[in-house]
Structures are given as structure tokens and as C-alpha cells.
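Below you'll find the structure, written out as C-alpha cells, and then a few comments.
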Amino acid sequence: MVRMMNAAKKGIFYGIGVGPGDPDLLTVKAAKVLDACDMVITPVKKMGSTSVAFEIVKSHISDLSKVIEMNFPMISLSQEREALQKQWQENADEIEVLLNQGKDVAFITLGDPMVFSTYSYVMEYLLKRDIEVITLSGVPSFCNLGAQLNIPLTQGEESLGIVAMTQPIEEIRAILDAHQNIVVMKISANNAWMAEELEARGLEKSFVLVSNIGMETQQVVRDIEVLKGKIPYLSTLLIKKNYPLQ
Ligand SMILES: C[S@@+](CC[C@H](N)C(=O)[O-])C[C@H]1O[C@@H](n2cnc3c(N)ncnc32)[C@H](O)[C@@H]1O
């Protein structure tokens, strides 16, 4: 009993989706947690580099000194799984130390935390360690793409396929075959291939590409020739087989 009373209370680990770019898209709940928590972790590709997630939410963090950068290198999961797992584990260890000190820790992540997010890997390590984890949804980039352009992602009986351009080509082709509407994330990994695939399928007028959604630099592309060139990493492609996009 005495031991229980003396046992320090662990902090809560929050995963916070910050949306794709517009700071006003942060949920009210996320803004409250960011303001109240003790530490905010911001993932960076390299220590000292800028974090898009941080740029989106910084106006919602009252005390910027509680922000800690954490390194999440942008390397391929299929090719460098071991190095990535080692890094995630080290990051989880660092977070656990803070939680054991009773601090509530928020981890900010672009878009929604459950869509292609490194947050999800760290979350899995911490869930195994008897830590309370609360994940707060954010607006996924592809949902905001539809909203910004007033284009429905799905209607009626239609299906929506979501794929990352980093997946094997055969998987991508199967998704293209199976759905009327397809979202392609991480499209910059092989956009020229996709442009040629769309032409081969007669879909060269059935796509829209949006880069830097919700940011001042947002760009909307409907020209297949532009899809063949260099595009920003923060680009998402929407293909709609039965809807006039152009
Ligand atoms: C690591 S994933 C993160 C996805 C994020 N969790 C989400 O819910 O949108 C990165 C990919 O998300 C998409 N993305 C994220 N933010 C974006 C933005 N502001 N504009 C366009 N695409 C974006 C791009 O396809 C990018 O390659």
C-alpha cells in the first residue's frame, strides 16, 4: 500500500495529427492537449532541420521551450528496416524516460497519425511498455485535397483505394484496376512512372495532383507532362475514373 502511494504517476503519451498544412485545421482537442502537455516532440529528418508538423502547430504551443526535436531519418523501410527499428526503439526509450518522470508528452505528426506515419511505429513500442497512449485524429492530406478542390473522394457505391508510390508496382497496378477512385501518396517516389501508367490506361485527364496542400505554396496540377517532371515530396495524387477532373 505504502509502495503504491509512493509510486510516481507516469505521464500520458499523446499522438497528435496536425493536418496537412493549414494551422486552423488542428482539432480543438489537439490544441488543448498541446497547450497543456509538458513536452512536445517534433520529428525531424535530421537534427536541426525544419519540421513541417512544428511549423503548422507552433502558434498553438504557448511555451516553445518545451519542444524537443527527435530524429526520424527518411530512409526506406523495405531497404533499411534494421536501422529504422533501432532508431524508433531509441526514440521510444527517450520518450519513456520523460513519461516515467510523470510528464505528459505530445508527439506531433503531419496529417492523421494513423495514415503512413512514423508516429505509429513509436506508438507500438510504447504500447508494449504499459504506457497510456491517446491518439488524436488529424485531417489526412488526401481528405483536405478533396475539400480544397470541392471534389468528392467517393460517392454512392464507389470504392476508394489508398496506396503509396513506394509499394511494389504490381500492388499499385492491382489497386488501379480495382477502384474507381484512387489516392496515391508519396507520389514523388516514382511520379514519372505513374504518368506513363495513366496514359497507358487512357486516364491522362482523370487525375489531379496537389502539392503542399493547405500551405501558401499549394499547387494544383492537371497537366500530365508536369506529372512527369520533378514534384515536391508533399504531393498527393487523386485519380477518379468516372468524374470530370479536367
Ligand atoms: C509520411 S506520409 C504522411 C501522411 C499523413 N499522415 C496524412 O495523413 O496525410 C507523407 C505523404 O503524405 C502526403 N502529404 C502529407 N502532407 C501533405 C501536403 N500538405 N500536401 C500534399 N501531400 C501531403 C504526401 O503524399 C506525402 O508524400
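The values are calculated or read from the model by the stated rules, or taken from the named source; none is laboratory data. Treat the numbers as computed from the prediction; the structure is a model and nothing was measured. Using ideal geometry, Cβ is built from the backbone for each residue, glycine included, and neighbour counts are taken over all protein chains shown. Heavy atoms of the whole protein, side chains included, go into the accessibility calculation; ligands, DNA and RNA do not. Shrake-Rupley method; radii C 1.70, N 1.55, O 1.52, S 1.80 Å.
Would you mind getting me the FRET efficiency between residue 80 and residue 127? Use the beta-carbon distance for r and R0 = 41 Å, nearest 0.05. Walk me through the intermediate numbers first.
On the way: r = 24 Å, r/R0 = 0.58.
With R0 = 41 Å, the Cβ-Cβ based efficiency is 0.95.
Select from 48, 11, 156 the residue whose mean-square fluctuation is largest in a Gaussian network model of the chain (Cα-Cα springs shorter than 10 Å). Greatest mean-square fluctuation among the candidates belongs to 156. Taking amide H atoms as placed 1.01 Å from N in the peptide plane, the amide H of residue 111 lies under 5 Å from those of 18, 19, each 5 or more residues away in sequence or on another chain.
Mean-square fluctuations from a GNM of the chain, with a 10 angstrom spring cutoff on Cα atoms, peak among 215, 123, 194 at 215.
Per residue of the chain, the DSSP helices (runs of n ≥ 4 H) give a summed -39500 (n - 2.57) that works out to -9500 deg cm²/dmol at 222 nm.
The 3J(HN,Hα) values that the Karplus relation (6.51, -1.76, 1.60; θ = phi - 60°) gives for the range 205-220 are, in residue order, 10, 10, 9, 9, 10, 10, 10, 6, 4, x, 9, 4, 8, 3, 9, 10 Hz. Gly and Pro appear as x. Straight-distance candidates among the lysines for linking to residue 103, with alpha-carbon spacing under 30 Å and chain neighbours fewer than 8 residues away dropped: 9, 10, 29, 32, 45, 46, 58, 66, 86, 128.
Taking every protein chain into account, the accessible area of the chain amounts to 52 square angstrom per residue (probe 1.4 Å). Its alpha carbons give the chain an Rg and a Dmax of 20.0, 73 Å.
With a Cα-only, solvent-free Debye model of the range 141-240, what are the log10 I(q)/I(0) values at q = 0.18, 0.20 Å⁻¹? Rounded to two decimals, the profile gives -0.79, -0.99.
Out of 31, 189, 83, any idea which swings most in a Gaussian network model of the chain, alpha carbons joined below 10 Å? Looking only at 31, 189, 83, the largest GNM fluctuation is found for 83.
A cut-off of 5 Å between modelled amide H atoms, ignoring neighbours fewer than 5 places along the same chain, links residue 69 with 42.
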